[in-house]
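Single-structure report; data block below.
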Amino acid sequence: MAYRDQNPMGYSSQSAAVPYDAGLRAYMLGVYNYMASALALTGIFAYLASHWAPLVGALYNLQATHPSMTGLGVLVAFAPLVFVMVLGMGINRLSLASAQGVFWGFAAVMGLSLSVIFFAYSGQSIVRVFLITSILFGSVSTWGYATGRDLTSMGHFMIMGLWGIFLASIVNIFMQSSGLQFMVSILGVVIFTGLTAYDTQRIKAMYYATAGSDEMAGKSAIMGAVTLYLDFINLFLMLLRLMGDRR
C-alpha cells in the first residue's frame, strides 16, 4: 500500500454546497494538473527503472533464487514516505518553489519504488487497470466536487478503515494468506474510492481557507494534488492485485 498524507495543512472539511466560482475552478484545475503531471512522471520513472538494466541491477537481485530488493532498493521503496513527511510537516515553512521541487522529487522517487509492478504483472494488464482506475477515480472525484452532501462522516469512517487494512497488510506479511490479501484488496478499493470523494470535497474547502494568498493557495494546491495522487495510486494498486495478470 502506498503512502497517504492525512490533512497536513490542518484544514477541516466543509460540506455546504457553494456557488460556481471561477477562482475555485481554476484552483481545482491546478490541483488536477499537478496530480496528472505527477502520475505521468511516476509512470515514466517506473518504466525506465524496470527496463534500464543498470538501474534494475542496482535496485533488485533478480538473479537470486528468490528475487529481492538490494539495500538501495529498500531505501528507494521507503523514500516516498520521507518526501510526504517533508511536505506534510514543512509545507508552511517551504517556499512555493521549494514545495514544488519536493513534490516533483516525490513523484519521481515514487516511480522508482513502483517499478516492481512491471516484474509482477504484464504490461497489458497494467495499462488496462490504469485506465479502469482513471475512469473510476474521475467519476468519484467529480461527484465529490459537485455534491452538496457533507462527506465528513464518511471520510472519517474511511480513514478508520484505512488503518484496518494497514494492520491487516502487516499481519499478512507473516501469514501469507491469499484469502486475507483478497479481502484487503476488496476493502481497499471501497475505502480509497470513498476517500477520493471525501478528499476532493476537503480540497475544495481548502481553497476558501487560503483565499487571498496566492502563496498559500499554491501550496494548498500541491498538498491537494499529493492527497489525490495517493488516493489514485492506492486505488490502482488494489485493483491491480484483483485484476492484474501476473507474470
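The values are calculated or read from the model by the stated rules, or taken from the named source; none is laboratory data. Keep in mind the model is a prediction, meaning the values are calculated, not measured. Glycine gets a Cβ as well: all are built from the backbone with ideal geometry, and neighbour counts include every protein chain shown.
What are the residues in the range 130-159 that are part of a loop (DSSP other than H, G, I, E, B) and within 9 Å of A197 (Cβ to Cβ), if any?
Here is the first cut: in the range 130-159, the residues part of a loop (DSSP other than H, G, I, E, B) are 147-151.
T147, L151, listed by residue number.
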Inset, instruction - Scan the range 200-212 and give yes if some residue there is among the hydrophobic types (A, V, I, L, M, F, W, C), surrounded by fewer than 22 Cβ atoms within 10 Å (Cβ to Cβ) and outside any helix (DSSP H, G or I), otherwise no. - result: yes
Legend entry - Top-ranked residue in the range 96-116 [being out of contact with any helix residue (DSSP H, G or I) (no Cβ under 6 Å at 6 or more places or on another chain) and touching a residue at least 40 places away in the same chain (Cβ under 8 Å); ranked as farthest from M243 (Cα to Cα)]: Q100
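Each row is one residue, and each column tells you yes or no for (1) crowded, with 20+ Cβ neighbours inside 10 Å; (2) outside any helix (DSSP H, G or I); (3) of a type in the set (A, V, I, L, M, F, W, C).
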position: A40; (1), (2), (3): no, no, yes
position: A49; (1), (2), (3): yes, no, yes
position: V56; (1), (2), (3): no, no, yes
position: A77; (1), (2), (3): no, no, yes
position: F83; (1), (2), (3): yes, no, yes
position: V109; (1), (2), (3): yes, no, yes
position: Q124; (1), (2), (3): no, no, no
position: R128; (1), (2), (3): no, no, no
Legend entry - Members of the range 111-122 found to be assigned to a helix (DSSP H, G or I) and either among the small types (G, A, S) or on the phi > 0 side of the Ramachandran plot (or both), listed by number: G111, S113, A120
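Would you check if there is a residue in the range 222-243 being touching a residue at least 24 places away in the same chain (Cβ under 8 Å), out of contact with any Cys (no Cβ under 7 Å at 6 or more places or on another chain) and more than 28 Å from V127 (Cβ to Cβ)?
First pass over the range 222-243, keeping only residues touching a residue at least 24 places away in the same chain (Cβ under 8 Å): 222-243.
Restricting the remaining residues to those that are out of contact with any Cys (no Cβ under 7 Å at 6 or more places or on another chain) gives 222-243.
Now restrict to residues that are more than 28 Å from V127 (Cβ to Cβ): 223.
Within the range 222-243 (the criterion being touching a residue at least 24 places away in the same chain (Cβ under 8 Å), out of contact with any Cys (no Cβ under 7 Å at 6 or more places or on another chain) and more than 28 Å from V127 (Cβ to Cβ)), the answer is yes, since at least one residue qualifies.
If you check L162, L242, L167, L187, which single one turns out to be crowded, with 17+ Cβ neighbours inside 10 Å and in a helix (DSSP H, G or I)?
Working: L242 fails: crowded, with 17+ Cβ neighbours inside 10 Å; L167 fails: crowded, with 17+ Cβ neighbours inside 10 Å; L187 fails: crowded, with 17+ Cβ neighbours inside 10 Å.
From the options L162, L242, L167, L187, the qualifying one is L162.
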Inset, instruction - Would you point out the residue of the range 89-104, among those that are in a helix (DSSP H, G or I) and crowded, with 17+ Cβ neighbours inside 10 Å, that is farthest from the chain's Cα centre (by Cα)? - result: A99
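Here's the yes/no breakdown for (1) more than 21 Å from T142 (Cα to Cα); (2) in contact with a helix residue (DSSP H, G or I) (Cβ under 6 Å, 6 or more places away or on another chain); (3) among the β-branched types (V, I, T):
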position	(1), (2), (3)
G194	no, yes, no
Q201	no, yes, no
M206	no, yes, no
T210	yes, yes, yes
S220	no, yes, no
L240	yes, yes, no
M243	yes, yes, no
Inset, instruction - Out of the residues in the range 1-36 that are among the polar types (S, T, N, Q) and closer than 21 Å to V82 by Cβ, state the one that is modelled with the highest pLDDT. - result: N7
Legend entry - Options F174, F182, F192: the member that is outside any loop (DSSP other than H, G, I, E, B), modelled with pLDDT of 90 or more and more than 16 Å from the chain's Cα centre (by Cα): F182
